[in-house]
Amino acid sequence: MTSFELADGTLLRVARWGDPAAAVTVVFSHGYALDHRSWWRLAPLLPDAVESPVNVLAYDHRGHGGSGRVSRADATMARLGDDLAELLEGAVPTGRVVLVGHDMGGLAVMSLTQRHPELFAERVAGLVLLATSAGGLATEASAAWPNALGRLVRDLGSVLGSKIVGLVREHTSKAVSAGLRWWLFGDDPAPEDVELTVQMIRGNWPHTIALFRPALDAYAREAALLLAAGTPLTAIVGERDRLIPAEDVESLAGAVENGTAIVIQGAGHVLPLEAAAQILPRLAAIVHATQRSR
């Protein structure tokens, strides 16, 4: 585990696997209220799943996990896109890149395409977006994760009373785990994945969750999709995702020329944990294609 210092002095926690000198790097960008640990079933396994050396990097967004705190002014998708651009230029200065984003991490990737089109065009060879909404391309009925989390908190609060924040921050209650399991997972999640997810959300409560909600609700993605139109995009959603409808992800994939939409049966919103077995071979295939095309 290392740290990467951004231009404004914020430190991002970074985890690495594989060969740092490899010609292809895969960068994992985690979801809202989570951290790099959400990739533990994918990122560490990827180097052994591909035929040629690959560099793998996962990081915590500002305000999340072990990275530096975030201010209200910096809790924006624009800032997350800029952070990702700095990370690529400073920590992965050469070679082709495959970007993998989950949820808010997918929006950070889209922000990068919009705000740093030259960097994106020169370096990024493929996009994999998990449970990422197409925003304005979908209808207002599409439930975004931050709004859904707000509903979840209100629902649990009505049952558990005003101490719900303390319950989430201080320990994992059965009611909190059950509520998050229902909202975020599919048919048969591993108990340890539910527990890890609760721990990650608890660690980001309430400061980070509160600050990023307005930015997530407001972010528009159409321009980013247009800029990414020439890059292969794989958009994956869980059939049981209660937050992001499959039609929304299909719209996202359909908005670009080289887009592919995949619906994973029985899976919910936390795809990096509960659907890693289905995602890993697809990701390995994308890395192989990138390695052959360089």
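The values are calculated or read from the model by the stated rules, or taken from the named source; none is laboratory data. For clarity, every value in this text was computed on a predicted model and none was experimentally measured. For neighbour counting, all protein chains shown are included, and Cβ atoms are generated from backbone atoms with ideal geometry for every residue, glycine included.
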Candidate set from the range 219-252 (those that are of a type in the set (Gly, Ala, Ser) and out of contact with any Ser or Thr (no Cβ under 6 Å at 6 or more places or on another chain)); member that is nearest to Thr76 (Cα to Cα)
Ala220
Going by the structure shown, is Ser133 within 27 Å of Asn204 (Cα to Cα), outside any helix (DSSP H, G or I) and modelled with pLDDT under 95?
yes
Would you please name the residue that is farthest from Val24 (Cα to Cα), looking only at residues in the range 35-81 that are in contact with a Lys or Arg (Cβ under 7 Å, 6 or more places away or on another chain) and hydroxyl-bearing (Ser, Thr, Tyr)?
Ser67
Taking the residues in the range 1-57 that are in a loop (DSSP other than H, G, I, E, B) and among the polar types (S, T, N, Q) as candidates, determine which candidate is farthest from Thr290 (Cα to Cα).
Thr10
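Go through the range 260-294 and give me each residue that's outside any strand (DSSP E or B), among the hydrophobic types (A, V, I, L, M, F, W, C) and closer than 24 Å to Tyr32 by Cα. Walk me through how you get there before you give the answer.
First, pick out the residues of the range 260-294 that are outside any strand (DSSP E or B): 265-294.
Next, only the ones that are among the hydrophobic types (A, V, I, L, M, F, W, C) stay: 267, 270-271, 273, 275-277, 279-280, 283-287, 289.
Once the filter is applied, which keeps residues that are outside any strand (DSSP E or B), among the hydrophobic types (A, V, I, L, M, F, W, C) and closer than 24 Å to Tyr32 by Cα, the range 260-294 yields Ala267, Val270, Leu271, Leu273, Ala275, Ala276, Ala277, Ile279, Leu280, Leu283.
For residues that are assigned to a loop (DSSP other than H, G, I, E, B) and either surrounded by 22 or more Cβ atoms within 10 Å (Cβ to Cβ) or hydrophobic (A, V, I, L, M, F, W, C) (or both), tally how many sit in the range 238-259. Before you say what the answer is, go through the steps one by one.
Quick first cut of the range 238-259, residues assigned to a loop (DSSP other than H, G, I, E, B) only: 239-245, 255-258.
Filter once more, so that each one left must be either surrounded by 22 or more Cβ atoms within 10 Å (Cβ to Cβ) or hydrophobic (A, V, I, L, M, F, W, C) (or both): 241, 243-244, 255-256.
Number of matching residues: 5.
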Answer residue from the range 173-203, given it is modelled with pLDDT of 85 or more and in a loop (DSSP other than H, G, I, E, B) and is nearest to the chain's Cα centre (by Cα) among those:
Phe185
Taking the range 193-219, which residues are of a type in the set (A, V, I, L, M) and either crowded, with 19+ Cβ neighbours inside 10 Å or in contact with a Lys or Arg (Cβ under 8 Å, 6 or more places away or on another chain) (or both)?
Val194, Leu196, Val198, Met200, Ile201, Ile209, Leu211, Ala215, Leu216
Which numbered condition Asp82 fails, given (1) touching a residue at least 40 places away in the same chain (Cβ under 8 Å); (2) under 23 Å from Asn204 (Cβ atoms); (3) not aliphatic (A, V, I, L, M)
(1)
Provide a single number: the residues in the range 79-128 that are out of contact with any helix residue (DSSP H, G or I) (no Cβ under 9 Å at 6 or more places or on another chain) and charged (D, E, K, R).
3
In this structure, does Pro272 turn out to be under 27 Å from Arg79 (Cα atoms) and at pLDDT 90 or above?
yes
Which of the numbered conditions does Ala33 fail, given that it passes all the others? Conditions: (1) of a type outside the set (S, T, N, Q); (2) in contact with a helix residue (DSSP H, G or I) (Cβ under 9 Å, 6 or more places away or on another chain); (3) modelled with pLDDT of 95 or more; (4) surrounded by 22 or more Cβ atoms within 10 Å (Cβ to Cβ).
(3)
What are the residues in the range 17-63 that are within 16 Å of Leu84 (Cβ to Cβ) and among the charged types (D, E, K, R), if any?
Asp35, Asp60, Arg62
